[in-house]
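The values are calculated or read from the model by the stated rules, or taken from the named source; none is laboratory data. These numbers were taken from a predicted model, which means no experiment stands behind them. A quick note on method: Cβ atoms are made from the backbone with ideal geometry, for glycine too, and the neighbour counts reach across all protein chains shown. With ligands, DNA and RNA removed, areas are computed over all heavy atoms of the protein, side chains included. Shrake-Rupley method; radii C 1.70, N 1.55, O 1.52, S 1.80 Å.
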Amino acid sequence: MNMNKDKTSSSLSKQPYKGTRDLFPPLKRTQDYMFSKMREVAHLFGYEPYDGPLLEEVELYKAKSGEELINEQIYSFTDRGARFVAIRPEMTPTLARMVAQAHKEMSKPIRWYAIPNLMRYEKPQKGRLREHWQFNVDIFGAPQLMGELEILELAIVLLQSFGASDNDFEILLNDRQVVDDIFKKLLNLDSEIVHRLYKIVDKSQKVPKETLDHMIAELNIGSRETELFLDYLQIKSFEELFLFLDKNNLQTTKNNLEKFSKLLKDINIFKFIKYDPTIVRGLDYYTGIVFEIYDKHPDNRRALCGGGSYANLLQIFNEAPLPGVGFGLGDVTFKEFLSLHKLLPDFSKPEVDFLISYQTSDGEKQALQLANSFRSLGLKVVCNLQVIKIAKCFPLAERLGAKFVVLIGEDEIKNNFLVIKNLQTQEQHKLELNLALDSSNENIKNLKTKIKEICKK
Ligand code: HAM
């Protein structure tokens, strides 16, 4: 047997599992930047962080998440103790489980956020992967419509905090109570057909017209009902919806949505909102206002974010209803959004203040001490861990993203100074070596002043 050949053919792939990403430092830095702003905005609104386990019992998702998630997207397996478990495909069921445990002792509303990674077995494509991170923000026990209002406001402030302008995104919104009434009262359909109709609405923008017609025909709901359903799908604005409801004697149905649109106008965020009859959300637990935020850029027409209100999720734990509202915003489409609108700083290089180098082995001790001394001032320092020629220092500093290079050569040691070179201005500064190395309290102050001066120039 040819051992070599065998070894080659069985060598492991260096690629990550399909639909997942290796987060090398530039991507991880970008993600960290996104997450830190998400946390900042959550804290601005008084939301507290939480997290949960990576694995949950499959039953948790069966209760309310919907067939698509369970039958097609979930990563599930039986563990060594014969429990049927899944890697979390979304955070809301875990959140509901945790809130069900703790809410009785908590004052309301409960405001929580998390940034979990989630896994769904989906066909990997632009904006859609098998693993993504999702900023989840949820509020429980808020007065009706006020939770919805705050959640939308938070989502808008988040996008604005990255520098997004009013024209970069839009919020497509609907009310599942209105849709329920249209399907149940106007079309007079039973719950099973209504459930299937919701799935059709959810897919209506993603499939060709013929497929849509075929799906509707399969329901066998009659020509009057089909016509009304197609009329509903054509509605393009709140005004058109309200007219449709009036015309069909569903006036009371519109009250909530009318009140909500007024509230949105009052706080000046109505300009971001567009009524869209096709937004009903693929997950089964939503009961009221639902929404998705879309990038307006033609190259990224995907939902950045989806959410809504869910009144009954705690009931699966035999708890009294505690209404929740929230959204999930995925890191994949959001990163795409930020780069397309040029809202991402350059994260290709790390952020380092000083590269400390020595050109003679006698400088090793000084360089290590100096690095510590600078770090105690809060400066980001990389110490090159071996002798390096001056000429090689500068390309290295460039790769490290360092702003300054410290040089410690024979001359410097002999004459008790070191050279600091500003890589942007090419200016050179000399600093007394003893001053830089003396870590007494008194001296640290002097050193700080000196370094501040040098860094400013
Ligand atoms: P969702 O619509 O399934 O909602 O996901 C929310 C967002 O996560 C999507 O708009 C999209 O940006 C991102 N996302 C979802 N799946 C993928 C994927 N396979 N690849 C990349 N990005 C993805 C939920 O998960 C709800 N639990 C959100 C929620 C929180 N509702 C209330 N609170």
Per-bin percent of Cα-Cα distances, the range 226-276 [10 Å]: 24, 50, 23, 3
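Determine, for each peptide in 243-252, 392-401, the mean count of other beta carbons within 10 angstrom over its residues, then list the peptides with the highest first. Walk me through the numbers on the way to the answer.
Values: 243-252: 13.9, 392-401: 15.5.
Averaged packing, sorted descending, gives the order 392-401, 243-252.
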Separation of the ASN312 and LEU44 label points, Cα + 7 Å toward Cβ, nm: 3.6 nm
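Can you tell me the FRET efficiency between LEU250 and GLU319 if r is taken as the Cβ-Cβ distance and R0 is 30 Å, rounded to the nearest 0.05?
On the way: r = 32 Å, r/R0 = 1.06.
That gives a FRET efficiency of 0.40.
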Å³ per residue enclosed by the Cα convex hull of the range 333-457: 126 Å³
Burial ranking of peptide ranges 213-220, 82-89, 366-373 (average Cβ count within 10 Å, highest at the top): 366-373, 82-89, 213-220
Calculated over the range 169-295: convex hull of Cα atoms, volume per residue (Å³): 104 Å³
Backbone N within the range 92-123 under 11 Å of label point (7 Å from ALA63 Cα along the Cβ vector): 93-101
The chain: angle of helix 25-44 to the longest principal axis, Cα-based, in degrees nearest 10: 60 degrees
Protein accessible area in the range 169-295, 1.4 Å probe - carbon and sulfur %: 49 percent
Cα-projected label distance for ASN415 with GLU153, points at 7 Å along beta-carbon direction, nm: 6.3 nm
Cβ-Cβ FRET estimate between PHE394 and LEU343, R0 fixed at 45 Å, reported to 0.05: 0.90
Between the range 359-383 and the range 210-228, the Cα center-to-center distance that results, in Å: 74 Å
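Relative to the present Cα-Cα distance, how much length would full extension add between GLU218 and GLU442 at 0.36 nm per residue of separation?
Residue separation times 0.36 nm, minus the Cα-Cα distance, leaves 72.3 nm.
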Cα centroid separation - the range 285-315 against the range 416-457, whole Å: 53 Å
Length gained when the stretch LEU435-LEU423 is fully extended (0.36 nm per residue, less Cα-Cα span): 2.1 nm
Average Cα contact separation per residue, the chain, under 8 Å, 6 or more apart, as relative contact order %: 14 percent
With every protein chain in place, the range 352-456: carbon and sulfur % of accessible area (1.4 Å): 48 percent
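For the chain, what is the accessible area per residue in Å² when the probe is 1.4 Å? Please list the in-between numbers first.
On the way: 23540 Å² over 457 residues.
Here the per-residue accessible area is 52 Å².
Using r as the Cβ-Cβ distance of LYS271 and ASN117, and R0 as 45 Å, what FRET efficiency do you calculate, to the nearest 0.05?
Working: r = 34 Å, r/R0 = 0.75.
For R0 = 45 Å, the calculated efficiency reads 0.85.
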Between helix 191-203 and the chain: long-axis angle, C-alpha atoms, 0 to 90°, nearest 10: 40 degrees
Peptides 61-69, 338-346, 281-289 ordered by average Cβ neighbours within 10 Å, highest first: 281-289, 61-69, 338-346
Under 18 Å from the HIS297 label point (7 Å along Cα→beta-carbon), backbone N, the range 333-353: 333-348
Quotient of C-alpha Rg and 2.2 N^0.38 Å, computed over the chain: 1.29
Residues of the range 298-335 with amide N under 20 Å of the 7 Å Cα→Cβ point at ILE70: 310-319
Computed label-point distance, nm, for sites THR360 and LEU27 using a 7 Å Cα→Cβ extension: 4.7 nm
